[in-house]
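Peer 1: Sharing a structure below in structure tokens format, with a few things to ask.
The values are calculated or read from the model by the stated rules, or taken from the named source; none is laboratory data. Because the structure is a prediction, the values reported are computed rather than measured. Quick reminder, even Gly has a Cβ in these numbers, built from the backbone with ideal geometry, and neighbours come from all protein chains shown. For the accessible areas, the whole protein counts, side chains as well, though only heavy atoms, and no ligand, DNA or RNA atoms are used. Shrake-Rupley method; radii C 1.70, N 1.55, O 1.52, S 1.80 Å.
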Amino acid sequence: MDLPVDSLLYVIGLGAVATMAAAGVLEAGRKPFDLFGMVVVALAASLGGGSLRDVLLDRPVFWVADQTYLIAALIAALLTFFLARLFILPVRLFLIPDAAGLALFTISGTKLALLSGAPWLVASFMGVITGVVGGILRDVLCNEEPLVFQGPLYATAAWLGALAFLGLAAWGIDANHAAIAAGIGIFVLRLIAIRWDIGLPRFRARPTRDT
Amino acid sequence: MDLPVDSLLYVIGLGAVATMAAAGVLEAGRKPFDLFGMVVVALAASLGGGSLRDVLLDRPVFWVADQTYLIAALIAALLTFFLARLFILPVRLFLIPDAAGLALFTISGTKLALLSGAPWLVASFMGVITGVVGGILRDVLCNEEPLVFQGPLYATAAWLGALAFLGLAAWGIDANHAAIAAGIGIFVLRLIAIRWDIGLPRFRARPTRDT
Amino acid sequence: MDLPVDSLLYVIGLGAVATMAAAGVLEAGRKPFDLFGMVVVALAASLGGGSLRDVLLDRPVFWVADQTYLIAALIAALLTFFLARLFILPVRLFLIPDAAGLALFTISGTKLALLSGAPWLVASFMGVITGVVGGILRDVLCNEEPLVFQGPLYATAAWLGALAFLGLAAWGIDANHAAIAAGIGIFVLRLIAIRWDIGLPRFRARPTRDT
């Protein structure tokens, strides 16, 4: 068991994709969609953010170059579909792996954007896009208002973590250490936000509508 | 009348684009959209799947490189718009050309992905994306739950056909023959599924929601 | 104060991005979204059209290459968010800068597409995409039927202007003069359409639905 760090990160990445796919099936399960609809929603939720990042950065799309990600998402979606017909799977079950996936997606997205030569603010947004766009696509396909626009800190945790990663690295900290510290920060902040229901301010604006 | 096969396929491809555009106008016509809204929905329905495929594979987008596709979609959308103000056009009218378009889009998408060096599972999904994403975009723009997630076999027929095409070609069958056989398979399977209302399993999941 | 024309256009471009972002926040404010949700809707509204154009043309995405656009959109979104909590901001306030932004986005999108070698009809649609897709994305994210599919002339004004620009340039008029004339045409046509509520024909189609 002498896995190098890169292999470990790869496995964690596959796990994050699988988690997002499973959570996508549970969301889609509240609609009268069939198995195919579930699978599409699961693929959009798990591969959508990274795909948009790669297209915007003009890199090869990650799951087109390496179909292991696609297979992981498919297996997770099918397993969840059949398990959910047998048992009641609470969405809560996925909150902790989802927070881990958010942290991993965000930091890896930020790093990839930096390597592609993106300026720092753009790089931090590429991290957020990687972590968050899948969930937005999932809700758009389900014809719902996106959940990540409403609940406890999600994208905000991701963005703060991406900025922390960039700050630490610019400050001279080793990039791997900075990535681990910032990733743990996202994970913990997200769990704290869920536990104590910490969200961003909102308003019901009252602009007059003259269409 | 000595058309080579490639010209024939090109004409069929234009016909498939036109059919999807016409069906898009009929769908959008159930909303209070104006002529421009119809045209956008029609273009998204007819060109969206191939565009996403080309962007994901980092190929030149097909209708940007050859505007004949754009012209075919526009003419079909405008014609349908004005005909539908005069006559009642039943959606049923489009089911058979739509099934033909699905078959053609799927097989050509799979082939293009293979030529771009995509691995086989990715290639089969590129076929499905080419055939199905237009219809999903159409329904998202109309603020409806996507129809292809619900009705009789549609994407499933496309995916089985794409896999059959890949299997036959890997087995040593001539690629053109494999394409024709698999395309006919998609077409027939789709029509059978409509006729006898064959769909995929679904479930109303009962996950507790703790947002 | 001896700004060259290019710098002037750049500043107008930033102003157009900021206007679209501000209008995005006001639209999103009618939903129970938090600050992050507003920011995402604002970014999609202000950067979405140009991003899709760049991806379809396989150019570097404009705000990834130059993050000034991203900063302008962010500042405008945050300012609008906090101002709208203090004052009632009527959407009407944004109609005139929005019309200016539409004109600028459309003509610059058409020009960029021509420079990328797109054929003329595609180039005119790239102009419309640059000007209009942001507003469509905004409404899809808010789970609403797109406004630009319904109101007074919007995309139509953009398309006529793009065609006028292409026609004038093909006729031998200097490209800069053609751009200015066509841009003013879009701006004025849009304001006239709002003032006298001029729209495109629409129909409530009555196709029978046999799903």
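Peer 1: Between C:LEU43, C:LEU47, which is within 11 Å of chain A (Cβ to nearest Cβ), open to solvent by less than 20 Å² (accessible area, probe 1.4 Å) and under 14 Å from the mean Cα position of the chain (by Cα)?
Peer 2: Exactly one of C:LEU43, C:LEU47 is within 11 Å of chain A (Cβ to nearest Cβ), open to solvent by less than 20 Å² (accessible area, probe 1.4 Å) and under 14 Å from the mean Cα position of the chain (by Cα), namely C:LEU47.
Peer 1: Kindly provide the set of residues from the stretch A:121-137 that are touching a residue at least 60 places away in the same chain (Cβ under 8 Å), in contact with a Ser or Thr (Cβ under 9 Å, 6 or more places away or on another chain) and of a type outside the set (Val, Ile, Thr), ordered by number.
Peer 2: Matches in the stretch A:121-137: A:MET126, A:GLY131, A:GLY134.
Peer 1: Now for a separate question. Condition (residue is at the interface with another protein chain (Cβ under 8 Å from one of its Cβ atoms), farther than 25 Å from B:TRP196 by Cβ and within 18 Å of the chain's Cα centre (by Cα)) applied to the stretch B:100-122: is it met by at least one residue?
Peer 2: Scanning the stretch B:100-122, I find at least one residue that is at the interface with another protein chain (Cβ under 8 Å from one of its Cβ atoms), farther than 25 Å from B:TRP196 by Cβ and within 18 Å of the chain's Cα centre (by Cα), so the answer is yes.
Peer 1: While we're here: For the stretch A:133-146, which positions are within 13 Å of the chain's Cα centre (by Cα) and either outside any helix (DSSP H, G or I) or more than 8 Å from chain C (Cβ to nearest Cβ) (or both)?
Peer 2: A:VAL133, A:GLY134, A:GLY135, A:LEU137, A:ARG138
Peer 1: Answer with yes or no whether C:SER124 is among the hydroxyl-bearing types (Ser, Thr, Tyr), in a helix (DSSP H, G or I) and open to solvent by 10 Å² or more (accessible area, probe 1.4 Å).
Peer 2: For C:SER124, the condition - among the hydroxyl-bearing types (Ser, Thr, Tyr), in a helix (DSSP H, G or I) and open to solvent by 10 Å² or more (accessible area, probe 1.4 Å) - is not met.
Peer 1: From the residues in the stretch A:147-203 that are β-branched (Val, Ile, Thr) and part of a helix (DSSP H, G or I), which one is least open to solvent (accessible area, probe 1.4 Å)?
Peer 2: Only one residue fits best here, namely A:ILE186.
Peer 1: Looking only at the stretch A:137-150, decide whether some residue is farther than 15 Å from A:ALA42 by Cα, at pLDDT 85 or above and not polar (S, T, N, Q).
Peer 2: No - not one qualifying residue is present in the stretch A:137-150.
Peer 1: Here is a further query. As an exercise: evaluate B:LEU14 against (1) modelled with pLDDT under 85; (2) farther than 30 Å from C:GLY151 by Cβ and give the number of the one condition it does not meet.
Peer 2: Of the numbered conditions (1) modelled with pLDDT under 85; (2) farther than 30 Å from C:GLY151 by Cβ, the odd one out for B:LEU14 is (1).
Peer 1: Please count how many residues of the stretch C:110-121 are part of a helix (DSSP H, G or I), open to solvent by less than 40 Å² (accessible area, probe 1.4 Å) and over 16 Å from C:ASN176 (Cα atoms).
Peer 2: Qualifying residue count, the stretch C:110-121: 1.
Peer 1: Continuing with this model, one more query. Residues in the stretch C:29-36: is at least one open to solvent by 40 Å² or more (accessible area, probe 1.4 Å) and out of contact with any Phe, Trp or Tyr (no Cβ under 6 Å at 6 or more places or on another chain)?
Peer 2: yes
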